[in-house]
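The values are calculated or read from the model by the stated rules, or taken from the named source; none is laboratory data. Computed from a prediction, not measured in an experiment: that's the story for all the values here. All Cβ positions, glycine included, derive from the backbone under ideal geometry; neighbour counts span all protein chains shown.
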Amino acid sequence: MSEALLVLDKVVKRFGEHTAVDGVDLQISKGEFLAIMGPSGCGKTTTLRMIAGLEQPSAGEIRLNGTRMNELKPWQRDTPLVWQNLALFPHLSVLKNVEFGLKMRNVAARERRERSMNWLERMGLAEYAGRNIAQLSGGERQRVAIARALVTEPEILLLDEPLSALDAHLRVRMQSEITQLQKQLGITFAYVTHNQSEAFAMASRVAIMNGGLIQQIGSPREVYRAPANHFVAEFVGSNNILSGTVTALEGGQVTVQTAWGSFNAPTPEPAPKTGDALELVVSADLVAVSDSAGAEGNVLSGELISEEFIGSIITLYIDIGDGIVFRAQKQQHELDALDYSSGRKLFASWRPEHTYVLPQI
Amino acid sequence: MADKALTQPTAGTAARNVDGYALFWGLPLALWQLVFFVAPLVFLVVMTFWTVKNFRLTPDFDTVNWVNMFSKGYVIDTYFRTLWYGALGAVVCSVLAFPASYALAFKASPVVQRIGLFMLITPFFTSYLVRIYSWQAVVSDNGVLNNLLGVFGLGPFNILGTLLGTMVGYITLTLPLVILLQFFSLSGVDRNYIEAAQNLGCGRLRTVFLVIIPLAKTGIILAGTFAFILCFGDLVSPTSLGSSKPPTLSILIVDTVKQGNNWPRAAVVALMMVLTLIVVAFTAIFFAYRVKKEKT
């Protein structure tokens, strides 16, 4: 039986009383781009550091190509990491930084230089080879860090929020550069981030972590449209979560009574029973907004309290009572006909099939 | 190049707007330096041209002291010997201090670190002279150490009155300070660099030499320089543990003054020492803060 390239088997990491990683099972296959995402302190960086050998798992096993890695020291593995602060050696030139990994593997000076220069050329940095790290811009440093990590041609590259120090514009550019590089090389990338757009834009698979556990793994689309639990639904995207009780099950639809009205949704698997409490998830981008009642499907109403304008997309925040602010995301031109000044009563509607029922736990 | 362009205008602005507030803080030091360093130094230079007549100092302008001191082989020998002793003391002390400061900076828990730092300060509680006298009792021919070794049928070893004795004294003088200075510079090394090196396949020992020492270079060089300065001018260890044979420059100054009250000649030696230390200190600072410019 062939195993995935990297396997984490019930991996636990405790720091004294505190459990940072609480039994993570994870399989990363060859050539995939996996993003590990979660809020601060969720254990994502600790997981990555255990893969690199910078932390020892307290329990469980990490296998690379089927071989147990737990006891290997960091320098005995080939799991280069791109650091959040890049950690480029300030006392070495750009070229010497890139050469470092090869030097440690006792590659002859000439070959070392050739291979490093190739990488610098590939990253468009050949002319900076002799410079000090301090003389480079943020984006250039980023490329040096990636070249330094990849020069040994590892099977897997670990990245720990490498773009967090860059400004928004540069970050987006580096995202596509990294994605392209990964596709060209076919090397497995494990990318830790707390930034959802970054994870979704780059990764083929996303693992959402919280409280030291993986909450969900799947394609960005799956995670976005079918969150596995309340945490994921709240963490990912701009989802509205409404809790209620099942009042009817009929024709593949479930009717749920909530404080804001009765809504229909497709019956999930396994089907709930009448009287069960459950949560409905409505993605903000699937909501239609109008200033008059009478829309088809699920409708609720509330008072517009604010709006957020991000380029072509507008998010409307509608206070629907009971402390819940309902979000609707629209293209700006879709709202041209609507008067959406603060304090207006608005109706939000969405189709029953666009309602997602959170799996019950 | 880029750095220079950046720093120069800043330095210029700072020099132009000397405000009263900066002066308030800077003035006491400036005055102190003027009264207790520059003025005596000038006087020292002047005195080297004075003469001694019937054991009395006479203001004069005579180069006889300079000619006399530099034409004596033993003065030149003593100069180079002192230079060598100081350098040896600095190197031995830096090497001995490094494992201690490394362990304290990277391996010790915060509590152990605090206790360790405190223990490094305690030697300064007692006079250096007292500590050297205690060493005499330990290392003399029938002292504590030789008696102890004698139990195992070893020795006696002659330490008192040798270079080894002098070195023991030098290390007593400088080791705590050198460990402290090294510790502070090692503590400033970002652990990320250490982990990054290991992540790239660099073993622990290799990381020390390829990453940690280069990054802590400034502090390590300055600590060694301090050790050199202290050893080079020390009088106590070479007299009390080295038995003044062969003499160092400090011993030479004392002897010159005692024999014939020849302050001007002693001043020549003192000036040689001051100039040497200035050159050494500035060279060390140059190397400590130098940023390597690599070429491809």
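Of all residues in the range A:43-61, those that are surrounded by 21 or more Cβ atoms within 10 Å (Cβ to Cβ), of a type in the set (A, V, I, L, M, F, W, C) and more than 14 Å from every other protein chain (Cβ to nearest Cβ) total 0.
Sort through B:212, B:229, B:251, B:285 and tell me the only one that's within 14 Å of another protein chain (Cβ to nearest Cβ) and outside any loop (DSSP other than H, G, I, E, B).
Details: B:229 fails: within 14 Å of another protein chain (Cβ to nearest Cβ); B:251 fails: within 14 Å of another protein chain (Cβ to nearest Cβ); B:285 fails: within 14 Å of another protein chain (Cβ to nearest Cβ).
Exactly one residue qualifies, and that residue is B:212.
When B:162, B:172, B:166 are screened for being β-branched (Val, Ile, Thr), more than 14 Å from chain A (Cβ to nearest Cβ), surrounded by 22 or more Cβ atoms within 10 Å (Cβ to Cβ) and within 25 Å of the chain's Cα centre (by Cα), only B:166 passes.
Inside the range B:175-193, residues that are facing chain A (nearest Cβ under 9 Å) and part of a helix (DSSP H, G or I) make up a count of 2. Of all the residues in the range A:78-105, those that are closer than 30 Å to residue A:3 by Cβ, more than 26 Å from the chain's Cα centre (by Cα) and outside any helix (DSSP H, G or I) number 1. Taking the listed residues A:148, A:143, the one that is modelled with pLDDT of 95 or more, in a helix (DSSP H, G or I) and either closer than 18 Å to residue A:174 by Cα or outside the structural domain of residue A:86 (by TED's automatic domain parsing) (or both) is A:148, with no other qualifying.
All conditions in (1) within 14 Å of another protein chain (Cβ to nearest Cβ); (2) over 25 Å from residue A:47 (Cβ atoms) hold for residue A:145, with the sole exception of (2).
Contact map, the range A:117-145: residues that are touching a residue at least 40 places away in the same chain (Cβ under 8 Å) paired with residues that are hydroxyl-bearing (Ser, Thr, Tyr), Cβ distance under 7 Å, separation 6+ or inter-chain. Pairs shown: A:132/A:93; A:136/A:128.
Just one of the listed residues (A:222, A:234) is surrounded by fewer than 17 Cβ atoms within 10 Å (Cβ to Cβ) and under 16 Å from residue A:42 (Cβ atoms), and it is A:234. Residue B:127 satisfies every condition listed in (1) away from chain A (no Cβ under 14 Å); (2) crowded, with 20+ Cβ neighbours inside 10 Å; (3) under 26 Å from residue B:114 (Cβ atoms) except (2). The range A:219-337 holds no strands (runs of 3 or more DSSP E) entirely within its bounds that carry 3 or more residues that are among the aliphatic types (A, V, I, L, M), at positive phi and at pLDDT below 85. Residues in the range A:78-114 that are closer than 17 Å to residue B:202 by Cβ, more than 9 Å from chain B (Cβ to nearest Cβ) and not hydrophobic (A, V, I, L, M, F, W, C) were compared, and the one that is surrounded by the most Cβ atoms within 10 Å (Cβ to Cβ) is A:97. Counting only residues that are more than 7 Å from chain B (Cβ to nearest Cβ), within 28 Å of the chain's Cα centre (by Cα) and either buried (at least 17 other Cβ atoms within 10 Å of the Cβ) or in a loop (DSSP other than H, G, I, E, B) (or both), the range A:62-77 holds 8 of them. If you go through the range A:47-61 one residue at a time, do you hit one that is over 28 Å from residue A:206 (Cβ atoms) and outside any loop (DSSP other than H, G, I, E, B)? No, because not a single residue in the range A:47-61 is over 28 Å from residue A:206 (Cβ atoms) and outside any loop (DSSP other than H, G, I, E, B).
Tell me, yes or no, whether the range B:202-214 has at least one residue that is over 30 Å from residue B:56 (Cβ atoms) and in contact (Cβ under 8 Å) with a residue 24 or more places away in the chain. Yes. Taken over the range B:83-116, the criterion of being exposed (fewer than 14 other Cβ atoms within 10 Å of the Cβ) and in a helix (DSSP H, G or I) is satisfied by B:84, B:91, B:95, B:99, B:107, B:110, B:111, B:112, B:114, B:115. The residues listed here are B:130, B:139, B:112, B:151; of these, the one that is on the phi < 0 side of the Ramachandran plot and touching a residue at least 12 places away in the same chain (Cβ under 8 Å) is B:139.
Just checking, which of A:316, A:358, A:286 is over 22 Å from residue A:245 (Cα atoms), under 28 Å from the mean Cα position of the chain (by Cα) and touching a residue at least 60 places away in the same chain (Cβ under 8 Å)? Quick ask: steps written out before the conclusion?
Working: A:316 fails: touching a residue at least 60 places away in the same chain (Cβ under 8 Å); A:358 fails: over 22 Å from residue A:245 (Cα atoms).
That would be A:286, the only listed residue that is over 22 Å from residue A:245 (Cα atoms), under 28 Å from the mean Cα position of the chain (by Cα) and touching a residue at least 60 places away in the same chain (Cβ under 8 Å).
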